[in-house]
Amino acid sequence: MNLQTAYQRTLFLTLIIKLALAFFLPMSGDEAYFIIWAKHLDFGYYDHPPMVGWILYAMRWFGDSELLMRLPAVLFSTAIGMGIYRLLKPLDVNRAALVAMIFLISPVNIMDVLITTDTPLILFVFVSVYALVRALQHNHLGWYLLSGAALGLAFLSKYFAVLLGLAYLAYFLFTPQRKQRWLGFLLLVLAAMPFVAVNVYWNYTHCWDNILFNLYNRNEGAQFSYKEVLTYLGTTLYLMTPPIVYYWWRQRGAAKPFVQPEFRLYAFAFWVPIGFFLLLSLKKTIGLHWVLAFYPFFYLLLALHLTLPQLVKTAKFMAWFTVVHLLIIVGLLAAPASAWQHSKKLYSGYVFLMHNDEVLAALQPYERDFLMATDGYSNSAIISYHAGKEFFVYGPGSQHARQDDMNTDFRQMAGRNILTIDKSPPELAKYTPYFAKVEVRQLRVRDAVFYLTLGYDFNYEAYRDGILTQVRDHYYRIPDFLPHASCYFCDKYFAGASCPR
């Protein structure tokens with residue numbers, strides 16, 4: 001079998017594996033949360049720019065099954081494998097096939113089946129670089145415009161797209177023979193600007209939510225920790241895999257990626273973001289998924305850094321490496337319920353995730369008399385997805401996933417009864433000041449225990465003064481240097497009073 005045939009079969013086989021994972025894996029809290037976004041189509045959402053919500057909104061026209069919702073993640077990452085092959089084919093068709101196969105069978109691709117804000121980011125970052133490579137090769141201004149538009153769409157996916165912009169700037173600054181291409185770079189930037197403007201305007205009219213969350217609220221208490229740096233370095237070694245790192249080190253000096261313009265671009269597109277995350281790890285935990293948008297360029301660099309025999313050995317290792325991951329996932333999915341029963345809370349979480357329909361059936365007798373809520377965003381998103389209607393979040397919540405602040409209006413709940421479901425015994429102090437009567441009951445589903453807090457005759461004014469004021473002062477404190485047109489939260493609950501500065 002020649003390598004081109006092997007590549008085509010690998011493309012098909014890995015696609016089937018990913019579709020199977022997308023079908024069998026239970027819906028996660030983050031995924032369900034983004035599906036809630038899609039039910040409220042907007043130019044922005046609390047945590048991040050809106051692209052994943054837009055994509056899911058379009059997908060929901062065809063249904064909302066796990067497989068359908070995850071189809072963009074499955075197809076986007078597979079398309080990147082095809083793009084890697086096309087970019088490398090003019091260099092060497094065998095190297096192109098091997099590198100594409102290594103990417104396709106890697107955990108970076110196989111496990112990329114969950115829908116996240118990184119899903120469209122990964123696609124548009126790659127499309128932007130692909131278009132810029134074509135622009136550099138053909139000196140065609142249309143490719144620069146396409147690269148900039150894709151960069152703008154990446155920005156509307158997640159702010160990490162800025163790191164690709166920095167990589168572009170570094171590439172043009174430190175590539176002498178590219179200085180005559182500054183007109184193209186200028187067109188690229190101008191093409192991205194309208195998409196950036198959409199996000200800035202939405203933030204201006206929505207409390208600067210994305211800025212408050214990403215730069216302030218989620219970074220409270222951040223301080224230097226060498227453990228975070230070591231964790232990031234370990235994560236980087238895991239994603240690169242030890243054999244590739246070993247071969248890369250053995251071949252140091254042999255490959256000259258900075259000689260060829262496109263490989264020089266791949267180097268900047270990978271190492272600038274990776275270096276930024278290393279600096280960020282001095283004070284913050286770097287999520288495994290944060291770096292995934294830039295790893296396709298690492299694989300592209302392998303075409304120069306590794307010899308053909310080394311690429312073949314790497315492909316064999318990667319196949320077994322991924323099989324281990326798949327076996328672990330299959331083992332977890334096939335594990336009997338008894339495997340989780342050593343911890344009451346863990347088992348309740350298992351039942352809530354795997355048998356949510358039964359939890360909903362047990363709640364049915366309460367639906368006529370109570371509004372339904374949970375005390376956490378992940379639980380609310382998961383049960384809302386399965387119920388087909390939204391369970392709101394009762395209480396102050398956390399710094400993450402505060403989209404519910406937009407979707408819920410507590411003013412309309414005055415005098416109503418509210419049921420809050422939780423996996424842990426409730427703290428009654430969170431409820432008794434805001435209801436005329438509070439009752440706690442236990443709900444058993446498959447021997448898992450859930451706690452229902454039944455609050456009668458909700459006192460909205462007390463809740464506003466006790467909880468919503470706390471939320472406003474903590475999560476909606478807009479910095480003085482940011483002008484804003486309005487803030488939905490302050491306008492809704494504190495009409496006539498501006499947000500704190």
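The values are calculated or read from the model by the stated rules, or taken from the named source; none is laboratory data. Note that the structure is predicted; figures quoted are calculated from it, not measured. Every residue, glycine as well, gets a Cβ built from its backbone with ideal geometry; the counts of neighbours run over all protein chains shown. Side chains are part of the model used for accessible areas, which takes the heavy atoms of the whole protein and leaves out ligands, DNA and RNA. Shrake-Rupley method; radii C 1.70, N 1.55, O 1.52, S 1.80 Å.
A 1.4 Å probe run over the protein chains yields, for the chain, 44 Å² of accessible area per residue, whole-number rounding. For the chain, hydrophobic long helices are taken as DSSP H runs at least 27 Å long by C-alpha position along their axis with mean Kyte-Doolittle hydropathy of 1.0 or more; these are 3-24, 66-88, 118-138, 182-204, 261-280, 308-334.
The lysines whose alpha-carbon is closer than 29 Å to the alpha-carbon of Lys89, local same-chain residues fewer than 8 away aside, are Lys18, Lys179, Lys256, Lys313, Lys316. Take the Kirkwood radius over Cα pairs of region 51-145, plug it into Stokes-Einstein at 20 °C and 1.002 mPa s, and you get 147 µm²/s for translational diffusion. Here each label is just a point 7 Å from Cα along the line to Cβ, and for Phe24 and Asp473 those points are 5.1 nm apart. Scattering from the C-alpha atoms of the chain alone, worked out with Debye: what is log10 I(q)/I(0) at q = 0.07, 0.10, 0.11 1/Å? Log10 I(q)/I(0), no solvent term: -0.44, -0.87, -1.03.
Relative contact order for the chain: 16 percent, from Cα pairs under 8 Å spaced at least 6 residues apart, divided by residue count.
What you get for the chain, charging only the Cβ of Lys and Arg (+1) and of Asp and Glu (-1), is a dipole of about 1900 debye around the Cα centre.
The average projected area of region 1-159, computed from the convex hull of its Cα atoms over all directions, is 10.1 nm². Could you bin all the Cα-Cα distances of region 353-419 into 5 Å bins starting at 0 and give me the percent of pairs in each, rounded to whole numbers? Taking every Cα pair in region 353-419, the percentages come to 3, 16, 28, 26, 17, 8, 1.
Within the accessible surface of the chain, defined with a 1.4 Å probe on protein heavy atoms only, the carbon and sulfur portion equals 64 percent. Considered as an equivalent ellipsoid built on the Cα gyration tensor, region 253-394 has semi-axes of 46, 22, 13 Å, the largest given first.
With respect to the cross-link table entries Lys227/Lys284; Lys344/Lys423; Lys227/Lys283; Lys39/Lys389, which display a Cα-Cα separation exceeding 18 Å? With Cα atoms farther than 18 Å apart: none of Lys227/Lys284; Lys344/Lys423; Lys227/Lys283; Lys39/Lys389. Assuming charge only on the beta carbon of Lys and Arg (+1) and of Asp and Glu (-1), the dipole of region 354-501 about its Cα centre is about 80 debye to the nearest 20. Here region 418-436 is scanned for amide nitrogen atoms under 18 Å from the site 7 Å beyond the Cα of Leu443 along Cα-to-Cβ, giving 418-428, 431.
Here the mean projected area of the convex hull built on the C-alpha positions of region 159-211 is 3.9 nm².
Computed from the alpha carbon positions, the gyration tensor of region 400-501 leads to an equivalent ellipsoid with semi-axes of 31, 16, 11 Å, biggest first.
Only helical runs count toward this figure. For the chain, summing -39,500 (n - 2.57) over DSSP H runs of n ≥ 4 and dividing by all residues gives -18000 deg cm²/dmol at 222 nm.
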